[in-house]
Every structure is written in structure tokens, then in C-alpha cells.
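Read through the structure below, which is laid out as C-alpha cells, and then see the notes.
The values are calculated or read from the model by the stated rules, or taken from the named source; none is laboratory data. The structure presented is a predicted model; accordingly, all values stated were derived computationally and were not measured. Positions of Cβ are generated from backbone atoms using ideal geometry, with glycine treated the same way; all protein chains shown enter the neighbour counts.
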Amino acid sequence: MQTAYQIYKRKIFMRNTLVAAAGILLLLAALVVSMNTGYTKLIPSDTFRILFGGGTDAENLILYQFRLPRVILAAMAGAGLALSGCIIQDVTKNPLADPGLLGINAGAGLAVLLYVLFFGTATFLAVFTLPVLALAGAGMTSVLIYLLAFKKGEGTSPIRLILTGIAVQAGIFALTTVLVINLDETRFDFVAMWQAGSIWGSGWKYVLALLPWQMVLIPFVVYRSRVLDVLSLDSCAACGLGVDVEKEQRILLFCAVALAASCVAVSGNISFAGLIAPHMARRLVGPKHSVLLPVCALTGAVTVSAADTFARVIVQPSEIPTGIVTAVLGAPYFIWLLTRK
């Protein structure tokens, strides 16, 4: 006969399984809708026909060279930013943390923009150097924010970390504006679109540039889910359980910064995706990270994919940056969290 605890565990397992299955179905639906959306109309039957080799040359060009890379990049960027936000929130014990709000995205973007503006991205190899440069920029920004927010005898409080991140982000955006103010119109437009969160790297080479980072970092972070469970406790309790708190925090924060930086290198400054998705995932499956992290990645992928689709259809035949849509959704939620926390 099953005990009450066993019945409870079974219910939790079934609920989490249903949530994960629903997340996968929602992501697939978002991808299909996104592939059908654009100036040239396609219906789902056309999309599946093209995917299975029955498309014309024009249809193959539209789907495989223009839409599919962007659809995949939006989902990958959403998953990476969501996981980055989840890790930062848990390690810093700050529910308001987000790679964009903390200035990490801005630091990564500054490094990428300096390279793109002065050297361009014409070569295939240059695309693969962008995530490395973004990581360097994000890492230096993270260290600067930590040093500015640190107070001797008190450490870093969550609200001081947020305010410092916002101030540093504003300074980086101002520096970016100074650097590009005398550039030609084409490059200036690129900078403006990047700052607004336009998924500019919509080609297969950008998918290949981002893929190795996510294939390494996401499984590693999920593997360390038990450490994240312990780190979410009080520091003394974590030490009592045999965890080297400072070492694990550094490792996980490096992973969070690397995930955010690699995504920013190809997607632009998409804000609030790393804030909204972790909170939605926690409400659905709870705080256990072995379940929370995969669901968080799914939630982020669905959110950014849906936002990118909406950004492409709201003012057709033109489009607005994806980051504007996520900001419209995320800013009110951030204010609500700020008033509560």
C-alpha cells in the first residue's frame, strides 16, 4: 500500500511530466507558426511539404535560408537567456536579477559592436569569434558591477546589485552612442536595432556559432542542478552539507554569463527574457532545479519565439525588434516584482 508521501511524489511527477510535455508542444507550435509568418504567406501544410522535400526553389529559399535559421536562433536565445537568468537569481538570491538588467547583455554587446563596427562580419571565422568577444565584455562588466555593488562588512545586497547594474548598463549604452554617432547611416541603424533587441544574426552560420556554447553549457548546468538546490539554501546550511559555496557560485555565474553573452552575440539586447521565464517556470514546477532548469529553458524558448513572431507581423511588411516586445511584457512584471520584493 502506498504511503501519503509516495502518492504525493507520484502526483508531483505526473504534474511535472505534463508541464514538460505541454512546454514541448507549445514550443513546436510556436516554431511552426513562426515558420508560416512573414511577407510571403505559408500555411502549415506548405511548411511540412517543404520540410519533407516537396518545395519549389523559391519556397526552399524562403524557408531554409530566411525563416528557419531565425526561428531556431530565437528559440536558442530564449532558452539561453532564461537559464542565465534562473542561475543568477538563485545564486545571488535576487528574484529581480536578469542578464539585461544587471548590465551583462550591455557589456557583451559593447564588445560585439566594437568588433562588428570596425571589422565587420564578412568572414565565416569572424562569426565564431563573436561569442568569445561577448564573453570577455560580459565578464569584465560583471566584475565591475560586483566591485561597485560590494560593501565591506555587508557584501552585496540584491537591490544594490540591481541599481548598480542599471547604472552600468546606462553608461555602456551612452558609450556606445558616443562611439557610433559619426558612423554612416547603415552602421548606425544596425547599432540602434541591436540595442532594441533585433535578432540580426539570422543565418545558419550564426546557429553554428551559438550551438557549441549551448551544447556544452546547458547540459553542464543541468548536471549541477543539485548544487543549485543547495545554493538556494542559506550559505551556512550549504557549507554544512559539504558544498564549497564560493567556488560553486563562481562556476555557475561564469556559466550564466557565458550563456547570456553567447546569445547576445547573435540576438541583440533582448531584455527581460531572463526575468520572466524563471518565474513562470517556478510557478509551474517548483524550485527543484533538475526539473526547473529544463522547463525554464522551454519557457524562455517559447517566450522569445512568440515575441519574435509577433514582432514580425504587427507592422507588416516592416518589423519591430523582438526586444521591444519582450520589454513591453517584462517591464510591468518587473515593476510588480519590485513592489512586492
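In table form, for the structure just shown:
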{"read-out": "Within the range 1-39, tally of residues that are hydroxyl-bearing (Ser, Thr, Tyr), more than 30 Å from residue 292 (Cα to Cα) and surrounded by 14 or more Cβ atoms within 10 Å (Cβ to Cβ)", "value": "1"}
{"read-out": "Failed criterion for residue 299 (all others in (1) over 14 Å from the mean Cα position of the chain (by Cα); (2) buried (at least 23 other Cβ atoms within 10 Å of the Cβ) hold)", "value": "(1)"}
{"read-out": "Among (1) over 13 Å from the mean Cα position of the chain (by Cα); (2) modelled with pLDDT of 80 or more; (3) crowded, with 24+ Cβ neighbours inside 10 Å - the single one residue 130 does not satisfy", "value": "(2)"}
{"read-out": "Candidate set: the range 205-236, residues that are among the aromatic types (Phe, Trp, Tyr) and at pLDDT 90 or above; chosen: the one farthest from the chain's Cα centre (by Cα)", "value": "223"}
{"read-out": "Helices (runs of 4 or more DSSP H) contained in the range 1-83 and holding at least 1 residues out of contact with any helix residue (DSSP H, G or I) (no Cβ under 7 Å at 6 or more places or on another chain) and in contact (Cβ under 8 Å) with a residue 12 or more places away in the chain", "value": "4-36, 44-51"}
{"read-out": "Of residues in the range 87-103 being in a loop (DSSP other than H, G, I, E, B) and hydrophobic (A, V, I, L, M, F, W, C), the one surrounded by the most Cβ atoms within 10 Å (Cβ to Cβ)", "value": "102"}
{"read-out": "Breaking point among (1) over 20 Å from residue 171 (Cβ atoms); (2) of a type outside the set (S, T, N, Q); (3) modelled with pLDDT of 80 or more; (4) not in a helix (DSSP H, G or I), for residue 122", "value": "(3)"}
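Results for (1) surrounded by 16 or more Cβ atoms within 10 Å (Cβ to Cβ); (2) more than 26 Å from residue 117 (Cα to Cα), shown as yes or no for each residue.
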residue: 203; (1), (2): yes, no
residue: 243; (1), (2): yes, yes
residue: 246; (1), (2): no, yes
residue: 262; (1), (2): yes, no
residue: 289; (1), (2): yes, yes
residue: 295; (1), (2): yes, yes
residue: 307; (1), (2): yes, yes
